[in-house]
Amino acid sequence: MSVSKNQPHRDTHPWLAAFKVYTHPRVIGMLFLGFSAGLPLLLVLGTLSFWLSEAGIERATIGHLSWVGLAYGFKFFWSPLVDRLPLPFLTARLGRRRAWLLLSQVCIALALLGMANTDPVLNLTHMVFFALAVAFASATQDIALDAYRIEAVETEKQGAMAATYQAGYRIAMITAGAGALWIAAAVDPSETTYDFHPWQVAYTVMAALMAVGIATTLIIREPEKQFTSATLEREASAREKFSAAGLSGKTLTVTAWLYSAVLSPFVDFVQRFKWQALLILSLIAVYRISDVVMGVMSNPFYQEMGFTKDEVATVSKVYGVIMTIAGAALGGILTARIGVMRTLFLGAVLSAATNLLFVWLAGRGHDVSALMFTVSADNLSAGIAASAFVAYLSGLTNQAYSATQYALFTSVMLLLPKFIAGFSGEFVDAYGWASFFTGTAMIGAPVLVLVWLAGRDDLANLNGDEDPDRRGLS
């Protein structure tokens with residue numbers, strides 16, 4: 001049987017060709033940069049709440065301290081600066097992306113050392129300041145890293161970049177969650193009484209591990225930033241209008257810069273989606289609300305149920321993360337098979353419903369098998385929801401402003417849930433664990449309505465896009 005000249009050459013096995021992309025230096029580098037990005041998050045949220053709970057800090061205070069995570073929610077305010085503002089000394093030598101990455105990574109390491117050398121029992125205020133510094137520097141690293149990832153490779157390699165980033169991020173979460181608890185448990189002379197030293201050792205090790213990201217930033221090459229012709233024309237047109245209005249010199253330069261870096265990404269979003277922009281932002285603001293509000297109190301709940309650090313580390317921080325990865329993979333399959341919006345709806349249902357399993361766990365008390373089942377179901381559903389949500393956000397983003405717009409979306413995603421989560425400790429004190437977990441399931445109900453509204457055909461076909469799949473809104 002003859003082979004047509006137009007048929008593709010089949011000497012190379014398709015699987016080998018697909019995996020070859022993972023040998024690209026920048027794809028490999030994203031594994032280590034993902035680790036650097038994932039390490040600080042739990043150290044100012046989940047792991048810190050376990051430390052504070054063991055130290056005898058009141059639940060209401062622990063809930064309030066979760067507000068340090070709002071730094072991630074407000075990062076869109078300074079994302080334009082990270083996107084376009086050069087840093088003295090560093091930018092000239094490293095380039096804009098690597099300069100901001102290095103500065104943020106060094107700040108994270110120093111702030112973690114500050115946390116490591118602060119006993120919350122003796123000086124809770126200093127602990128709060130250091131935790132805020134970690135969160136702010138970590139959010140800045142996220143902005144710079146998103147921009148680097150988008151600019152570093154061509155479109156066909158973005159999938160591999162995202163995959164290695166997520167792998168590094170999840171390894172870091174295991175390290176900052178289970179790893180920190182294991183280190184503290186190994187050094188702790190007694191599980192029954194609080195000792196500052198084990199936590200000091202654990203957080204010092206975490207600070208040292210930021211060297212992974214710092215070394216990677218020094219090794220990688222700075223990407224070449226590309227501006228589309230449409231972006232250049234838009235910014236040139238704005239500058240001409242400001243000049244015609246009588247602006248000149250430094251005033252004209254600063255005004256034109258502020259428009260292109262700060263206003264243009266948001267104007268673009270509103271112009272593309274018009275009044276539906278409010279609906280989209282509302283959905284983004286509440287989609288993860290059940291998981292975020294419940295997550296703040298999960299570690300204090302485990303501690304009060306009598307689970308040891310080793311048990312929590314093994315079940316929640318390792319097995320749970322593995323189930324999250326499995327859920328994300330399943331979410332990717334479902335997104336391809338049934339569409340983004342249907343998977344988004346399924347993820348919202350599962351995220352709210354699995355919170356009710358914690359009501360059952362609260363009734364059983366110290367039961368490792370029940371803990372494993374509950375954590376498995378909760379993390380599997382969270383993975384499905386997260387996979388669909390990332391696909392949804394990606395479909396909304398204009399590549400000309402991807403870094404700033406993505407920062408806006410992720411900031412909106414965290415603001416309301418983190419604010420409400422700050423009152424979670426007081427709610428538990430007043431009504432108990434069962435009512436708390438039931439409440440976190442109920443607040444997920446409005447999400448289903450917003451997903452349905454956002455998934456209607458008229459929204460999917462905005463801007464003359466007749467194929468909803470092209471915009472990630474199917």
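The values are calculated or read from the model by the stated rules, or taken from the named source; none is laboratory data. Predicted, not measured: the structure shown is a model, and the values here were computed from it. Counting neighbours? That spans all protein chains shown, and the Cβs are built from the backbone with ideal geometry, glycine included.
Take S49 and tell me if it is surrounded by fewer than 24 Cβ atoms within 10 Å (Cβ to Cβ) and within 30 Å of T192 (Cα to Cα). Show your work before the answer.
On the way: surrounded by fewer than 24 Cβ atoms within 10 Å (Cβ to Cβ): no; within 30 Å of T192 (Cα to Cα): yes.
So S49 does not fit the description; no.
Yes/no per residue for (1) in the same structural domain as T410 (by TED's automatic domain parsing); (2) touching a helix residue (DSSP H, G or I) at 6+ places or on another chain (Cβ under 7 Å):
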site	(1), (2)
G246	no, no
A256	no, yes
A261	no, yes
F269	no, yes
L279	yes, yes
I284	yes, yes
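Answer with yes or no whether M372 is in contact (Cβ under 8 Å) with a residue 60 or more places away in the chain and part of a helix (DSSP H, G or I). Considered against the rule, which asks whether it is in contact (Cβ under 8 Å) with a residue 60 or more places away in the chain and part of a helix (DSSP H, G or I), M372 comes out as no.
Out of the residues in the range 297-316 meeting the condition of being over 22 Å from P189 (Cα atoms) and assigned to a helix (DSSP H, G or I), tell me which one is modelled with the highest pLDDT.
Looking only at the range 297-316, we keep the residues that are over 22 Å from P189 (Cα atoms), and these are 297-298, 301, 315-316.
Now restrict to residues that are assigned to a helix (DSSP H, G or I): 298, 301, 315-316.
On the way: S298: 84, F301: 87, V315: 82, S316: 73.
It comes out as F301.
Here is the figure for the range 193-207: residues that are out of contact with any helix residue (DSSP H, G or I) (no Cβ under 8 Å at 6 or more places or on another chain) and among the hydrophobic types (A, V, I, L, M, F, W, C) total 1. Taken residue by residue, the range 112-123 has no member that is in contact (Cβ under 8 Å) with a residue 24 or more places away in the chain, out of contact with any Phe, Trp or Tyr (no Cβ under 8 Å at 6 or more places or on another chain) and buried (at least 24 other Cβ atoms within 10 Å of the Cβ).
With the requirement that a residue be surrounded by fewer than 19 Cβ atoms within 10 Å (Cβ to Cβ) and either part of a loop (DSSP other than H, G, I, E, B) or modelled with pLDDT of 90 or more (or both), what does the range 450-473 give you?
Residues of the range 450-473 surrounded by fewer than 19 Cβ atoms within 10 Å (Cβ to Cβ): 452-453, 456-459, 461-467, 469-470.
Passing the criteria: R456, N461, D465, E466, D467.
Residues in the range 84-110 that are buried (at least 19 other Cβ atoms within 10 Å of the Cβ) and over 25 Å from the mean Cα position of the chain (by Cα): L94 alone. A211 meets each of the listed conditions (1) closer than 18 Å to V134 by Cβ; (2) crowded, with 19+ Cβ neighbours inside 10 Å; (3) touching a residue at least 40 places away in the same chain (Cβ under 8 Å) apart from (2).
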